[in-house]
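Scroll down for the structure; my scribbles are underneath it.
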Amino acid sequence: MIERPVGIACFGTSLTTGRLSGSWPIKLQNKLNGVARRRVICYDVGQGSQTSAWGVANIDRPRNHRPDICLIEFSINDAVTANGISIAQATTNLLTIVNALRAVNPAMLIYLMTMNGVPDLTLRPNLEAYYQNDRDFAAANGCGLIDIRTVWGTPNYTDTPDGLHPSEAAVDAKLLPTVFNVLAPIVAAVTLPTTPPALPPNPVSVSPASGPPAGGTTITLSGSNLTGVTGVTIGGVAATSVTVVNASTVTCVTPAGTGSARDIVVTSPAGSGTLAGAFSYSSFSSSVSYVTGGNGSFSGSTFSFTPAGLAVGDWMFVVADGVSATSVTGGSGGTWTRLTLVNAGNSTSTLFYRQMTAGDVGATFTINGGSNTGPAEWAAYRGATAVVAAQTQVSAANAATLVFSAPSLSAQSSRLLAVLSEHGSGAGSWSAPANWTTRVSQSLYGPKWLGDISSSVYPGGSLTFTTSVTHAGGQVGWLFELIGT
């Protein structure tokens, strides 16, 4: 019987494709075949001058080979300012790539690679931050890490004659041994690749995120490594009817319980994963639920993002803090409602929102007319039949508090969404009313928040938000009612 070879997909930029980088995938293949129990084939499936966004669009290049191991590196080009890929967007792209690969082979061993340094950072001023993001992503998402940057040393033109691509001598001395030392024990193991080690579950979101104390709510857990899930607990109590839909989706029925911010623990033979504080028990479960969100900063005059998990009918909210942004483009090209607020320092923040259509699912959106390094956030909600811009607030100069009066809610199943921004200097945070859930936050040029509360646990009276940072421009905020069914 002829045993199948061990497949290794090398998915990245010109630092991997080999044209200017010593053809290291072929060298790696030859070197690993000297120690492997089975024949090793390295598939060179990258392309020069590309980013992780290209990787998302071309995921079939590695996926069609169904490799046992996949090596991924795009940060060298994601870090190019002109390419417009923020660290937040790079993270989203990596998660999309990893989930797509695990969907065809849940046992695939996926390694993020940092690559060489460059002697001139003009085009890539934040390259080291992108490499750190690779390290953080690998640790948070059950991936391996091959950290070339840590062994590269001080960047110089001897190792990278054109200022970017390693010389063949540098490949042979630094890159190739580092990759080989990680992979050699794996390909030499008797049990691989027929039975690669399983990874523990990695739940990342739940919908809906609340339900009645009596239990009985069917929830959907999304994430990765969910194929072998055998049990789910909420607040330490076992859920029932646990069903594995696919490698990234599990459904179950909630047990009876009380309280808010209960941990969801997902268990398989490979271990367990926790979604901290993800589910709350309330007397009524709003039909409107948070879907996804994120943040980042403008590169030049634009900020682009690709939401994961959108569906037709979701409502998307996009914010440019301290920026009079002009438009949001991408997707179906539908018309966005544009709102602006001017703070006491004459700085304008902009908010856009609209309902998603078929052309928006899986699309990349771009905020236009921003300013370089300015902050931006976005969030999407599901289950609302309409959105009402209920109130706005602008505080006085150096004031730290926004106060909204209690709106008259249209339905018990509605949800209140608040968007709060302090655009100035210094990091900080907001305090919020009881039962408020923060969905998206960042502290670039002051604290930013998007959060919500369901009408079933709405405390009534005024809604008071106070930030720990004051600024001559004061604070601005919007309050929306997302009308449920």
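Considered as a group, the residues in the range 37-50 that are part of a loop (DSSP other than H, G, I, E, B) and open to solvent by 20 Å² or more (accessible area, probe 1.4 Å) include one that is modelled with the highest pLDDT, and that residue is 50.
Could you check how many residues of the range 224-236 are open to solvent by less than 50 Å² (accessible area, probe 1.4 Å) and at positive phi? Counting residues in the range 224-236 that are open to solvent by less than 50 Å² (accessible area, probe 1.4 Å) and at positive phi gives 2.
Listed by position, the strands (runs of 3 or more DSSP E) enclosed by the range 237-337 that each have at least 2 residues that are hydroxyl-bearing (Ser, Thr, Tyr) and open to solvent by less than 40 Å² (accessible area, probe 1.4 Å) are 249-253, 271-281, 289-297.
Against the test of being among the polar types (S, T, N, Q), free of Cβ contacts under 8 Å to residues at least 60 places away in the same chain and open to solvent by 30 Å² or more (accessible area, probe 1.4 Å), the options 350, 340 yield a single qualifying residue, 340. In the range 373-389, is there at least one residue being more than 21 Å from residue 287 (Cβ to Cβ), at pLDDT below 85 and among the polar types (S, T, N, Q)? Checked against the condition, which is being more than 21 Å from residue 287 (Cβ to Cβ), at pLDDT below 85 and among the polar types (S, T, N, Q), the range 373-389 yields at least one hit.
Applying a threshold of 7 Å to beta carbon distances and a minimum spacing of six or more residues, or different chains, the list of pairs starting in the range 165-190 at a residue that is open to solvent by 30 Å² or more (accessible area, probe 1.4 Å) and ending at one that is part of a helix (DSSP H, G or I) and small (Gly, Ala, Ser) is empty. Check whether at least one residue in the range 407-419 is under 19 Å from residue 302 (Cα atoms) and of a type in the set (A, V, I, L, M), and report yes or no. So far as the range 407-419 goes, no, none of its residues is under 19 Å from residue 302 (Cα atoms) and of a type in the set (A, V, I, L, M). Tell me, please, whether a residue that is within 29 Å of residue 66 (Cα to Cα) and charged (D, E, K, R) can be found in the range 260-274. No, there is no match, as no residue in the range 260-274 is within 29 Å of residue 66 (Cα to Cα) and charged (D, E, K, R).
Residues that are aliphatic (A, V, I, L, M) and open to solvent by 40 Å² or more (accessible area, probe 1.4 Å) were ranked within the range 353-366; the one that is nearest to residue 311 (Cα to Cα) is 361.
Within the range 367-376, the set of residues being in contact with a strand residue (DSSP E or B) (Cβ under 6 Å, 6 or more places away or on another chain) and either buried (at least 17 other Cβ atoms within 10 Å of the Cβ) or without any contact (Cβ under 8 Å) to a residue 60 or more places away in the chain (or both) comprises 367, 370, 375, 376. Of all residues being open to solvent by 50 Å² or more (accessible area, probe 1.4 Å) and modelled with pLDDT of 85 or more in the range 391-430, which is nearest to residue 471 (Cα to Cα)? Just the residue, please. Per the criteria, the residue is 398.
The values are calculated or read from the model by the stated rules, or taken from the named source; none is laboratory data. Computed from a prediction, not measured in an experiment: that's the story for all the values here. Cβ: placed from backbone, ideal geometry, glycine included. Neighbour counts: every protein chain shown. Surface areas here come from the heavy atoms of the whole protein model, side chains and all, with no ligands, DNA or RNA. Shrake-Rupley method; radii C 1.70, N 1.55, O 1.52, S 1.80 Å.
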